[in-house]
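See below for the structure under consideration.
The values are calculated or read from the model by the stated rules, or taken from the named source; none is laboratory data. Predicted, not measured: the structure shown is a model, and the values here were computed from it. Here the Cβ is made from the backbone with ideal geometry for all residues, glycine too, and neighbour counts use every protein chain on show.
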Amino acid sequence: MADSIVPILLITLTIVLIVILFIVVSYILLRLRFLESQRSEDNLSVNGAEPKQSKGGSLSGFRGKAIWDALENPGKHPGIIDQLKSRYAFVLARHIEQVIDQGQLDRQRNREAVPESSAPVGGLRGEVESWLPQSYVQRFYRVGSQSLTATEEELAELRSEVRGLVNEVLNRLGMTDEGRGIGQLITSHTLDFTSQARGEEYDDSGADENGQDESHRT
């Protein structure tokens, strides 16, 4: 009887030790991350700069450029990368739309102020800090600015450019499946919407002129 209990005790003890070891390692990793973030803030203070304020919440534990880096290097976070991709598709689309909208708005105000790479974006579960390389931000911003005065032929070229850029971003992040269709969604919410609004304005002005002509005739 005693001989049969010994292996059970050894197995139980081994499992307990493994659990304890896992807890200790997890605590050490969390502690190291905390210390690294504190050290970064301290370095900014020493250099006379204030640490940047967060511009939104996190997504699956990642925020801002960390989201982009995780998606470009999926092997480092295999356990959550699929969830991150599915949740970031909507945020990415909204971020690009915001940049294009800003370009249109600034063109209306006769000014130019290219947004920063990081921006708070409203997500399905609250606001998220998103990040885009500045090269993409500048190109999407330029498209928005040019769209206000573009002809229909030029608008078609801008739509094609936006969808090409979106596909380029999705390929870089390995999100072609999760982001399928967002290029068309983005252009419909920005360039197509502007084109339709401009067409309605022309239609209304034409109706007013017709109305005035009729009044003059009477």
Quickly run through the stretch 50-80 and pick out the residues that are of a type in the set (A, V, I, L, M, F, W, C), modelled with pLDDT of 90 or more and under 19 Å from LEU132 (Cβ atoms). PHE62, ALA66, ILE67, TRP68, ALA70, LEU71
Pairs only if they're at least six apart or on different chains, beta carbon under 7 angstrom, first in the stretch 130-141 and of a type in the set (A, V, I, L, M), second surrounded by 22 or more Cβ atoms within 10 Å (Cβ to Cβ); list them, first residue then second. LEU132/HIS95; VAL137/VAL99
Within the stretch 76-85, identify whether any single residue is aliphatic (A, V, I, L, M) and in contact with a Pro (Cβ under 6 Å, 6 or more places away or on another chain), and answer yes or no. yes
